[in-house]
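Peer 1: This is the structure I want to talk about, given as structure tokens.
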């Protein structure tokens, strides 16, 4: 799953850029999901007085509204982006206005001042209104999403890598870098996605069908715990493929 | 996780009953979630013209709207209730108007004709408007959710059992009954939740795709080894379905 974000202030062309990107990705037959961060204090998707709103007001901590053509799962808290992404299993996920991520980033802007406010090593393209007057800024391509959407999506295909974990530097750094630093190096062409040593891991863990990332240290503990028991059973041999399912007790 | 549904036609007191139940369950310090089935053809929670609506119209297959105080995951399809319940980890989940479930059921009704239309072995209580004039119907208690909510929730605590699987009869019946039949027997006091034999063997092991039988003693050792590690990881909660794959090292 490849993730990227689009960042920029209101009216800089953010949603229009995303609309065009999604359409072009779909045209190229990718599955696409998206997340929109809403920076409007009073945002509430559910109408006051609706039955689901009444559930929530009574104390229901998770409310789902299921209609004929949609299923809306309404968490009563702001969730971290990593939690949200667990629900996604798409080729590409576009994040609009999301800040708690180190994913590769497209900036939309009116002018270079707005670019500068958001510029960092995770930026691989610039778009939005400024693309009418600029073609490049400090080596980063500025692309018009209305006229040159194919060029922009070519760049997305080339630059955006399989999602990295988002561990804090103190938790992993097993590749020699923090996840954020490795991401920046991949964009620069100075490292590869495979340099994330978690990719090598020979043990995969899912909880409720959602894959859980484990730092190498934890991978090893779980691996040793399992092999320690299973290797005593008939049927086991070194290098065997082992699958374990644990359900409700 | 204990699941029950409330069923009845519009204006029979369904949502009011649920509101009172949720409040009382919360008062008793249970965690509570809920699902509302909306039988209104044109239901759509998202406003036309919103940015998330624009994402969806562009082809995004899963859209999340994240505000300051909520996270709304908007699936573009009607999902089966079993899929929806995977997002829930609450002591109780109340289903309003949901039909694709065999969970224990409370009927709300204006009159006995409406009761009869919904009466089956899964019904353990009746409420709604009819509770103003009736105290029992064919041995099933009729309870007013406004005046006697404690009595109604006492009954919920007594009757509603830990969620059973919802296998079709041809898939399991290992206990001698279909999941629906076993549920009905539990409500009648003729069977116990533990009669579901899937509750016993809560861990399955395959080596090179062949299932390995383990005596309960070994099951427990492996179970404890895994839970001991996994329960320390984010994403874990009691009763989670865990899947682990170990390949060649």
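Peer 1: From (1) in contact with a strand residue (DSSP E or B) (Cβ under 8 Å, 6 or more places away or on another chain); (2) surrounded by fewer than 22 Cβ atoms within 10 Å (Cβ to Cβ); (3) under 30 Å from residue B:35 (Cβ atoms), pick out the condition that doesn't hold for residue A:2.
Peer 2: (3)
Peer 1: Here's a follow-up. Report whether or not residue A:93 is within 14 Å of chain B (Cβ to nearest Cβ), surrounded by 15 or more Cβ atoms within 10 Å (Cβ to Cβ) and more than 30 Å from residue B:29 (Cα to Cα). Quick ask: steps written out before the conclusion?
Peer 2: Values: within 14 Å of chain B (Cβ to nearest Cβ): yes; surrounded by 15 or more Cβ atoms within 10 Å (Cβ to Cβ): yes; more than 30 Å from residue B:29 (Cα to Cα): yes.
It is true that residue A:93 is within 14 Å of chain B (Cβ to nearest Cβ), surrounded by 15 or more Cβ atoms within 10 Å (Cβ to Cβ) and more than 30 Å from residue B:29 (Cα to Cα).
Peer 1: For the range B:5-16, name all the residues that are more than 10 Å from every other protein chain (Cβ to nearest Cβ) and either free of Cβ contacts under 8 Å to residues at least 12 places away in the same chain or under 23 Å from the mean Cα position of the chain (by Cα) (or both). Before the answer, list the steps.
Peer 2: Of all residues in the range B:5-16, those more than 10 Å from every other protein chain (Cβ to nearest Cβ) come to B:5-13.
B:5, B:6, B:7, B:8, B:9, B:10, B:12, B:13, listed by residue number.
Peer 1: Anything in the range B:20-29 that is more than 7 Å from chain A (Cβ to nearest Cβ) and either surrounded by 17 or more Cβ atoms within 10 Å (Cβ to Cβ) or over 23 Å from residue B:143 (Cβ atoms) (or both)? List them, or say none. Step through it out loud before you land on a result.
Peer 2: First, the residues of the range B:20-29 that are more than 7 Å from chain A (Cβ to nearest Cβ): B:20-21, B:24-25, B:27-29.
Result: B:20, B:21, B:24, B:25.
Quick grid of which residues meet (1) more than 7 Å from chain B (Cβ to nearest Cβ); (2) at pLDDT 95 or above; (3) surrounded by fewer than 24 Cβ atoms within 10 Å (Cβ to Cβ):
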site: A:18; (1), (2), (3): no, yes, no
site: A:31; (1), (2), (3): no, yes, yes
site: A:43; (1), (2), (3): no, no, yes
site: A:49; (1), (2), (3): yes, no, yes
site: A:59; (1), (2), (3): no, yes, yes
site: A:62; (1), (2), (3): no, yes, yes
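Peer 1: Is it fair to say residue B:83 is surrounded by fewer than 16 Cβ atoms within 10 Å (Cβ to Cβ) and more than 20 Å from residue A:62 (Cα to Cα)?
Peer 2: Working: surrounded by fewer than 16 Cβ atoms within 10 Å (Cβ to Cβ): yes; more than 20 Å from residue A:62 (Cα to Cα): no.
For residue B:83, the condition - surrounded by fewer than 16 Cβ atoms within 10 Å (Cβ to Cβ) and more than 20 Å from residue A:62 (Cα to Cα) - is not met.
Peer 1: Exactly one condition in (1) modelled with pLDDT of 95 or more; (2) more than 8 Å from every other protein chain (Cβ to nearest Cβ); (3) closer than 30 Å to residue A:146 by Cα is not met by residue A:53; state its number.
Peer 2: Every condition holds for residue A:53 apart from (3).
The values are calculated or read from the model by the stated rules, or taken from the named source; none is laboratory data. All figures in this text were calculated on a predicted structure; none of them were measured in a lab. All Cβ positions, even for glycine, are placed from backbone atoms using ideal geometry, and neighbour counts span all protein chains on display.
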